[in-house]
Amino acid sequence: MSKNVSIKSAVNRAFIWGLISAILFVVGIPMIVFGAMESIVLMVFGIAFVVFGFYGSPMIWINYANLRSLKRVVDAVNEEHLLTNAEIASQLQTSEKAVKAQISKAIQKKYLVGYLYDGEKLTINEKTAPKKKTVAAQNKCANCGGTLTETENGYICDYCGSRFNKE
């Protein structure tokens, strides 16, 4: 039903960026020290790495934690087939209000596809896209077998009035 791969890749990307930001912070400190003695360019890069790691790392790790929590809700729906806020909240040991917000976010981000959500319960969306009517090769109506007359927008059946698009 869902494209669970997209949330997995979002979690993995957030983890990699969190790891990179933490490493840059640690590497940036000695770059500042050695850069002050050797090269101004090395020192500038060190300062940039430390600033990115110091300010960016916490935000990236918070985003990672939020994505992991969202992934857990998506997994509860897709793998454990839990479809109500109460069931998911009970399984994850969290509040129904938090589950409701996470389900809404998962649907908005298209991590949960193919479900209808009424605020309390998910139901499988069994609706399909409308099919395009096309004209048969012998110029006969697919519904009643009557003859088709060509119009500027397609074809219309002389007998039952069905409309068909041009191929």
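Computed from the coordinates by the stated procedures, all read-outs in this text should not be read as laboratory data. Remember, predicted model here, so these are calculated numbers, not experimental data. Here the Cβ positions follow ideal geometry from the backbone for every residue, glycine too, while neighbour counts run over all protein chains shown.
Could you check which residue among Gly35, Gly114, Gly18 shows the biggest mean-square fluctuation in a GNM of the chain with a 10 Å Cα cutoff?
Comparing Gly35, Gly114, Gly18 in the GNM, the peak value goes to Gly35.
Below 8 Å between Cα atoms, with a sequence gap of 6+, how large is the relative contact order for the range 1-83 in percent?
Working: 79 pairs, mean separation 29.5, N = 83.
36 percent.
Which Cα, out of Ala89, Phe45, Leu19, lies furthest along the positive dipole direction of the chain (beta carbon charges, K/R +1, D/E -1)?
Highest projection toward the positive end goes to Ala89.
What distance in nm separates the two pseudo spin-label positions at Ser9 and Tyr55, each 7 Å out from Cα along the beta-carbon direction?
Going by the 7 Å Cα→Cβ label model, 3.0 nm.
Given the options Leu70, Leu116, Leu148, which has the most mean-square fluctuation in a GNM of the chain, springs set between C-alpha atoms less than 10 angstrom apart?
Top of the fluctuation ranking is Leu148.
At 7 Å along Cα-to-Cβ for each site, give me the label-to-label distance between Ile40 and Thr84 in nm.
6.9 nm
Could you grab the relative contact order for the chain? Cα pairs under 8 Å, six or more apart, rounded to a whole percent.
Relative contact order of the chain: 17 percent.
If one takes the longest principal axis of the Cα atoms in the chain, at what angle in degrees, from 0 to 90 and to the nearest 10, does the Cα axis of helix 96-108 lie?
70 degrees
State the label only: which of (i) 47, 35, 28; (ii) 91, 46, 20; (iii) 60, 38, 30 corresponds to Cα extents along the principal axes in Å computed from the shown model?
Computed from these coordinates, Cα extents along the principal axes in Å corresponds to label (ii).
Give me the extension gain from Ile124 to Asp75: residue separation times 0.36 nm, minus the current Cα-Cα distance, reported in nm with one decimal.
Additional length available on full extension: 16.1 nm.
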